[in-house]
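Notes follow the structure.
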Amino acid sequence: LQRGVYRARTPPRGGERKRLKLTLKVVADVALVAVPNAGKSTLLSKVTRAKPKIADYPFTTVVPNLGVWVPSNFDGDDDDGTMDDVGNSKSKSLILCDVPGLIAGASEGIGLGHAFLRHVERCHVILHLLDATSKECVEEYAMINRELLNYGTGKLATMPQVVVVNKLDIAFKGADGEFGSREELEEELKKIMPHSRLMWISALEEEGVDDLMERVAMFVKKVKETTAAEERRREEDDG
């Protein structure tokens, strides 16, 4: 007595082979972007528990460093880990990504930063750090923005930015810098900045750092809410 249904056997065949290239993108709230030796790693170490390598020579950072900032009045019980409509965390803390320093031509593969610019795409806000002691501070600001524009589709140039001038503790005190005062540098920056989000700090001395992070946290929250609203409108239009 034969049971079941007879099925003809098929001879075995070779499987498919594919070569895949996977690109890992770090997910963070804020990307720290600057030329080498502008103080990104110092700032990260002051506002988070991250321990990046810090030295007084360029290209100290050779891999992205992550750190988590939490507000001073943060209560861990308030952070329930929930997500918003577009998958963003509602946590009051911020994840910061310190991207290796960028130089002219980074968008074309020059220097260390090009390999890590892709991580900036997954962030919500760019914190553009400037070195107040540099003779080419304004030119460096413009150069970084050109590289962001020339990278990939140019999406990075449209991301919200906060410009932060660092090293106030040693700036404007000698003849080495091009600018003799904070007011003079501020005037030149505002001539080319498309927005008014400009702050001043000394990461080493932690001067203005707390105020900076509180304001950045509020700005990131606003950007996330705007993004969520735009996503909802798209879904409604598509539906």
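The values are calculated or read from the model by the stated rules, or taken from the named source; none is laboratory data. As the structure is a computational prediction, the values presented were derived from the model and not from experiment. Quick reminder, even Gly has a Cβ in these numbers, built from the backbone with ideal geometry, and neighbours come from all protein chains shown. Surface accessibility is based on the protein's heavy atoms, side chains included, excluding ligands, DNA and RNA. Shrake-Rupley method; radii C 1.70, N 1.55, O 1.52, S 1.80 Å.
Using the Kirkwood radius over Cα pairs, work out the Stokes-Einstein diffusion coefficient for segment 152-201 at 37 °C and 0.692 mPa s, in µm²/s as a whole number.
On the way: Rh = 12.6 Å.
The Stokes-Einstein estimate is 261 µm²/s.
Describe numerically, in nm with one decimal, the distance between label points set 7 Å from Cα along Cα→Cβ at residue 158 and at residue 22.
Going by the 7 Å Cα→Cβ label model, 3.0 nm.
Tell me which residues come under 5 Å, amide H to amide H, from residue 152 once H is placed; ignore anything under 5 positions away on its chain.
Sorted by chain and number, the residues that satisfy this come to none at all.
I need the fraction of alpha carbon pairs in segment 146-239 separated by more than 18 Å, rounded to a whole percent.
On the way: 2781 of 4371 pairs.
Here the tail beyond 18 Å accounts for 64 percent of pairs.
Any idea how far apart residue 8 and residue 54 come out in nm if each label point goes 7 Å out from Cα toward Cβ?
7.5 nm
Determine the order of 6, 151, 141 by accessible area, beginning with the largest, at a probe radius of 1.4 Å.
Details: 6 170, 151 35, 141 5 Å².
Sorted by accessible area, descending: 6, 151, 141.
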